[in-house]
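Comments concern the structure below.
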């Protein structure tokens with residue numbers, strides 16, 4: 001809250017200048033949603049299309065999920081075995097039986113590349129770009145770009161929502177950054193104690209309107225006091241806060257008690273606690289993501305687990321990560337189809353790179369930026385196929401390299417974003433939303 005000491009001068013409406021300057025951003029009476037939005041965000045065309053992206057923190061092994069190598073030596077093959085899916089000729093890991101049963105609705109990607117150095121960072125998943133040689137302000141994520149270009153579908157629901165709790169390794173907890181687009185297009189993160197600030201606690205809409213007028217009366221003073229320009233974007237944050245507070249739509253979307261017991265059981269609960277320095281394995285986030293896109297969110301990101309198994313890879317995968325991931329993602333995709341949303345909502349689940357073909361001395365797999373994997377679903381794509389392939393050892397791409405940016409371009413195309421669109425960085429230079437890459441033609 002802003003608090004300037006000094007003048008006790010009374011204004012014409014009876015409010016002292018000092019009291020008015022203590023108001024800050026909707027903080028009268030404990031109403032702090034704008035402060036929440038600003039704090040979270042510092043760290044046009046209307047359509048029903050949306051995207052849910054699952055970031056698998058730490059990068060899962062492609063050869064232990066969608067690309068098992070049964071003809072490789074034991075020190076490469078590992079202990080997992082493939083199982084058939086409901087699409088003839090496609091096999092995946094035995095610990096993902098639910099996804100195997102809906103393979104006709106999925107597209108495994110077996111040849112994803114583009115991570116420049118194998119660092120643990122969600123950045124390439126959210127942008128399709130390297131962090132090296134960024135323009136002034138930094139590259140914006142998909143969610144922020146969509147927020148800028150398309151705006152909200154519903155004024156009471158932010159266009160970009162991040163179900164990404166903070167993590168011990170900060171990039172694991174990022175929902176995707178706004179870059180040069182600024183804080184007004186950062187993800188809204190409805191987690192933690194800020195949830196309590198999304199309702200009108202003890203005041204009605206008319207009193208909220210009075211406070212809105214009071215807030216407007218301090219805006220000019222606040223901006224005059226802010227020589228650095230860091231207040232830029234506050235107008236849009238305040239508008240978003242008022243829309244949320246005067247509508248139940250967002251709060252209702254986050255309230256899973258409104259779902260029937262059978263649906264909640266199908267998704268499961270998972271574990272809300274962070275896994276090591278990674279993310280939770282929170283299965284309720286998959287259900288919440290579905291409810292958010294139904295309510296009007298355009299892009300929802302969520303983080304899941306910590307797949308960085310440099311040791312004890314197979315126990316970690318089969319006992320703590322693959323079963324809940326299999327349950328949550330399959331429930332989401334089945335639910336989208338059952339509710340008639342499969343053409344409108346595209347789902348992408350992946351990590352920042354793959355894992356080494358050779359199992360190390362600690363029974364783990366190390367970083368392997370040469371090739372990784374992922375899975376797509378929904379969005380009206382031609383599902384029930386695999387795109388890409390690796391060699392006998394899972395070490396190198398042998399067919400159809402897929403750059404991260406090609407998948408990002410596919411998501412933009414689904415959302416209705418023109419790939420020739422340019423946005424100005426902080427130096428005023430125009431930048432393409434995607435440069436040099438096109439959507440995956442195999443999906444049409």
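Laboratory data are not the source of any read-out in this text; all were calculated from the coordinates shown. Since the model is a prediction, treat every value here as computed from it, not as a measurement. Cβ atoms come from the backbone with ideal geometry, glycine included; neighbour counts cover every protein chain shown.
For the pair residue 396 and residue 444, what calculated FRET efficiency results from E = 1/(1 + (r/R0)^6), where r is the Cβ-Cβ distance and R0 = 35 Å, to the nearest 0.05?
E between residue 444 and residue 396, to the nearest 0.05, is 0.80.
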Item to check | Translational diffusion of the stretch 77-178, µm² s⁻¹ [Kirkwood Rh, Cα pairs; Stokes-Einstein; 20 °C; 1.002 mPa s] | outcome: 126
Item to check | Computed FRET value (nearest 0.05) for residue 119 with residue 339, which takes r as the C-beta separation and R₀ as 56 Å | outcome: 0.90
Checklist entry - Which of the peptides 317-330, 253-266, 342-355, 379-392 is most tightly packed, and how do the rest follow, going by the mean number of other Cβ atoms within 10 Å of each residue? => result 342-355, 317-330, 379-392, 253-266
Next on the checklist: Testing the spin-label approximation: label points 7 Å from Cα along Cα→Cβ at residue 70 and residue 403. State their distance in nm.
Outcome noted: 3.5
Checklist entry - What FRET efficiency comes out for the pair residue 256/residue 389, r = Cβ-Cβ distance, R0 = 35 Å, nearest 0.05? => result 0.35
Checklist outcome for this item: residue 81 and residue 319 label points (each 7 Å along its Cα→Cβ direction) are spaced in nm at 2.1
Next on the checklist: With the crude spin-label approximation of a point 7 Å out along Cα→Cβ, what separation in nm comes out for residue 421 versus residue 311?
Outcome noted: 4.7
Checklist entry - Tell me, in nm to one decimal, what length is gained between residue 382 and residue 247 on full extension, where the rule is 0.36 nm per residue of separation less the Cα-Cα distance? => result 44.9 nm
Checklist entry - Taking every pair of alpha-carbon atoms in the stretch 385-444, what share in percent sits in each 10 Å bin, from 0 to the bin with the longest distance? => result 20, 39, 25, 13, 3
